[in-house]
Structure formats: C-alpha cells, structure tokens
Amino acid sequence: VDIRYDGAQACAALELARWIIDRALTNPLIIAFDDAHLADDEGIAFLEALSQREEPAPLVVVVSFDAAVERHSPAFRARSDTWLADKRWRRIEFKPPPAAELEKSLVALGASDAQAKGLVQHAQGNPGLASGLWPHVRDGAGLEHLPTTHDGLRLLRVKALGDEVLRACATLSGLGGVAPLAALSAIDPSVPAALSRAATASLVELQPHGPFEVARLTDQRMRPALANVLSQGQLLGARLAAGAWA
C-alpha cells in the first residue's frame with residue numbers, strides 16, 4: 001500500500017488512521033513511513049493514532065527517522081519520545097557500513113581508490129550521501145565545493161538547473177510542495193516554465209487533477225533544503241497571490 005500523506009489534508013489524519021485500521025482487520029497490512037523526523041503536527045497525530053490504537057489488528061507500521069536530533073521537525077522532537085516509548089514499538093538502529101566496504105562499493109561505481117576514500121571521509125561514512133556525491137565528483141567537482149549533508153545535496157541538484165528553477169521550486173515548496181500551475185502562474189508567470197525544466201530532471205511531477213494541472217515536488221524531503229531560498233516577505237507574497245487566485 002502506497003499512501004501519500006499531504007499536510008494540506010490534516011483534518012483527515014485521524015479518519016485516515018481509523019480507515020487503515022479497519023482495512024487491516026480484513027486484510028493484514030504492513031505500512032512503511034520514511035523520514036518520519038520531518039513530520040508536522042498532523043503527521044505525528046496520524047502516527048500516534050496508528051500506534052496507540054487499543055483494538056488488536058494485524059497491522060505492522062514501520063517508521064524510519066534520522067538519528068541526528070538537529071534534523072528533527074519541532075513536532076517530532078516534542079512528541080516522538082512519548083509514542084515511541086509504547087511497548088508495542090521495537091527500535092532497531094542501523095549503523096553505517098565500515099569505511100572499507102563503502103569505499104569498495106564506490107570503486108565498483110567507477111571511482112578511483114583515492115576518490116572513494118575522499119568521498120567516504122567527506123560524507124563522514126554516510127553511504128547514501130557518498131553515493132549521491134559521486135556523480136558530481138565524476139563530472140569534475142572538487143570535494144571542497146560539495147555539501148556535507150543530504151539537504152545540501154538535494155539543494156545542489158536544484159541549483160544545477162539555474163536560479164530561475166531554484167526560485168520556482170522554493171515557491172512550490174512554500175505552498176506545501178504541491179499547487180496548481182495556474183496558482184503558481186498568478187504568483188509569477190515564469191514559474192510554470194521553470195517547473196517544467198525541473199520536471200525534466202525528475203525534481204517535480206506535473207499531473208492532471210480535475211480541471212487543473214498540478215505541480216508536486218517529487219521528494220518532499222527537499223522542502224527543508226529550499227526553506228531559506230526565498231525571504232519571508234517573498235513567501236508571504238507568494239501565499240497571498242495563490243490565495244487571491246483561489
């Protein structure tokens with residue numbers, strides 16, 4: 001089951017949790033939520049409703065979150081200890097692979113021994129970050145100019161498409177990561193064309209939704225990286241323009 005939880009549908013969080021539990025009673029389910037540390041208040045309420053249910057149900061909920069507390073959203077930081085302390089949860093910590101093993105995997109991708117060693121050190125042993133940085137090193141980028149976090153890597157991918165695409169993605173992010181193209185055009189007529197270029201790079205999805213074509217960030221984890229691209233005044237102006245369109 002693949003369920004996309006959209007913060008704009010916060011009022012449905014508890015009903016959705018009840019619906020999933022009811023479904024599990026007739027059809028056992030395993031549901032996975034990745035990067036739960038980015039969840040907002042409604043997202044945490046949804047997970048709490050699933051985990052604190054009283055009725056027995058054949059439902060397994062798998063939740064992954066970053067061990068780095070500084071990456072936790074305010075909602076996750078404030079409330080996760082309480083609901084994760086429930087005896088029905090089992091916590092499993094995954095440690096990164098040994099540096100030598102990670103270097104070997106990078107060499108298999110085409111890195112030299114020196115490049116692999118430098119990437120592992122730069123990424124502080126983070127396998128996802130090291131492999132994500134490798135294409136940039138392969139294309140000639142120096143490690144000193146590359147980010148040291150996943151958020152930085154995501155921002156780097158957007159910046160590679162130019163400032164116009166960066167601002168357009170930040171505008172979309174400021175509206176919750178999903179919005180009709182007509183609303184975005186009301187903010188700035190150049191935004192839809194810039195988002196089309198982002199869609200070509202698989203950073204944005206463009207999909208029909210009723211009478212509208214809707215843009216959605218492919219990876220909602222990009223939002224923290226895009227949060228500081230626009231000033232608070234620019235974000236407020238974008239939201240007011242979208243609201244006026246609506």
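The values are calculated or read from the model by the stated rules, or taken from the named source; none is laboratory data. Predicted, not measured: the structure shown is a model, and the values here were computed from it. All Cβ positions, glycine included, derive from the backbone under ideal geometry; neighbour counts span all protein chains shown. Quick note on the areas: whole protein, heavy atoms, side chains included, nothing else; ligands and nucleic acids left out. Shrake-Rupley method; radii C 1.70, N 1.55, O 1.52, S 1.80 Å.
Listed values, structure above:
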| quantity | calculated |
| --- | --- |
| Residue (of Leu47, Ala198, Leu106) at the positive-pole extreme of the chain, dipole from beta-carbon charges | Leu106 |
| Solvent-accessible area of Asp163 with every protein chain in place, 1.4 Å probe, in Å² to the nearest 10 | 100 |
| Ellipticity estimate at 222 nm from DSSP helix runs (n ≥ 4, -39,500 (n - 2.57)) divided over the chain, nearest 500 | -15000 deg cm²/dmol |
| Dipole moment magnitude, nearest 20 debye, the chain about Cα centre, only Lys, Arg, Asp, Glu C-beta charged | 180 |
| Rounded FRET efficiency, nearest 0.05, which uses the C-beta distance separating Leu206 from Ala244 and R0 of 25 Å | 0.65 |
| Mean-position separation - Cα centroids, the range 175-234 and the range 114-129, in angstrom | 32 |
| Nitroxide proxy distance, nm - points 7 Å out along Cα→Cβ at Asn27 and Arg77 | 4.0 |
| For the range 209-218, Karplus couplings with θ = phi - 60° (6.51, -1.76, 1.60), whole Hz, Gly/Pro x | 8, x, x, 10, 9, 10, 9, 9, 4, 4 |
| Placed amide H near Phe33: partners under 5 Å, 5+ positions off or other chain | Val62, Val63, Ser64 |
| Total charge dipole magnitude, the range 78-218, about the Cα centre, Cβ charges on Lys, Arg, Asp, Glu only, Debye to nearest 20 | 480 |
| Prolate/oblate/rounded call for the range 205-246, Cα gyration tensor, a/c under 1.5 rounded | oblate |
| For the chain, the Rg and Dmax computed from alpha carbons only, in angstrom | 20.5, 57 |
| Lysine-lysine proximity count for the chain, Cα under 28 Å, sequence distance 8 or more or distinct chains | 5 |
| Length released on extending from Asp41 to Asp86, taking residue separation times 0.36 nm less the Cα-Cα span | 14.3 nm |
| Computed E for Asp163/Ser112 - FRET, C-beta separation, R0 41 angstrom, nearest 0.05 | 0.80 |
| Integer Hz, Karplus 6.51/-1.76/1.60 couplings in order for the range 227-239, x for Gly and Pro | 4, 9, 6, 9, 6, 4, x, 5, 5, 4, x, 5, 5 |
| Total formal charge among the other residues, if their Cβ is under 11 angstrom from that of Asp41, Lys/Arg +1 and Asp/Glu -1 | -2 |
| Distant-in-sequence amide H partners of Leu161 (H built 1.01 Å from N, under 5 Å) | none |
